[in-house]
Amino acid sequence: MLTAVLLSQLLLTTARCRHDLGAWRTQDLAQVPLQTLAQESAEMNACAFVDEEELRTVFRERAAGGSKQITYTEQGMLLQLERMRRMVEFLKRHQMTDKFLREEERGPHAN
């Protein structure tokens, strides 16, 4: 049985990965639906395996002091951070932050 990441790697191409990474750089993440953020984060992480040359290029340019470009993994992390930011804002908006913290103090599986 193929995992979702393996399946997505089979469907992705280097050209698609590079196109999508470029497109994400211009997006206002606050306007992107939550589910899309999750899907695209998974895609960016899969692209890191599909297009390993891009990672080497970015790091080589960074070592030379030149590249501001981000990697697929970094873009995936930015998408996940936006998801987490929204979740925290939801907790704050609904005055649930204290409840969350109290439950966390009791342990990760507290009900």
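The values are calculated or read from the model by the stated rules, or taken from the named source; none is laboratory data. All values derive from a computational prediction rather than experimental measurement. Cβ atoms come from the backbone with ideal geometry, glycine included; neighbour counts cover every protein chain shown.
Within region 39-96, being over 20 Å from Arg25 (Cα atoms) and either touching a strand residue (DSSP E or B) at 6+ places or on another chain (Cβ under 7 Å) or of a type in the set (S, T, N, Q) (or both) holds for one residue alone: Gln95. Determine, yes or no, whether Glu89 is charged (D, E, K, R) and either in contact with an Asp or Glu (Cβ under 8 Å, 6 or more places away or on another chain) or at pLDDT below 90 (or both). No; evaluated as a whole, the condition is false for this residue. Go through region 29-38 and report how many residues are of a type in the set (S, T, N, Q) and surrounded by 12 or more Cβ atoms within 10 Å (Cβ to Cβ). Residues that pass the stated criteria total 1. Taken over region 56-77, residues that are surrounded by fewer than 16 Cβ atoms within 10 Å (Cβ to Cβ) and either closer than 21 Å to Leu12 by Cα or among the basic types (Lys, Arg) (or both) amount to 9. Pairs linking a residue in region 44-58 that is under 17 Å from Ala23 (Cα atoms) to a residue that is modelled with pLDDT under 80 and part of a helix (DSSP H, G or I), with Cβ atoms under 7 Å and 6 or more positions apart or on different chains, are Ala46/Val5; Ala46/Ser8; Ala46/Gln9; Ala48/Leu55. When Thr26 is tested against the conditions (1) modelled with pLDDT of 85 or more; (2) surrounded by 14 or more Cβ atoms within 10 Å (Cβ to Cβ); (3) among the hydroxyl-bearing types (Ser, Thr, Tyr), the lone failure is (2).
Name the one entry in Glu43, Glu82, Glu89, Glu103 that is more than 17 Å from the chain's Cα centre (by Cα) and surrounded by 12 or more Cβ atoms within 10 Å (Cβ to Cβ).
Of Glu43, Glu82, Glu89, Glu103, the one residue that is more than 17 Å from the chain's Cα centre (by Cα) and surrounded by 12 or more Cβ atoms within 10 Å (Cβ to Cβ) is Glu103.
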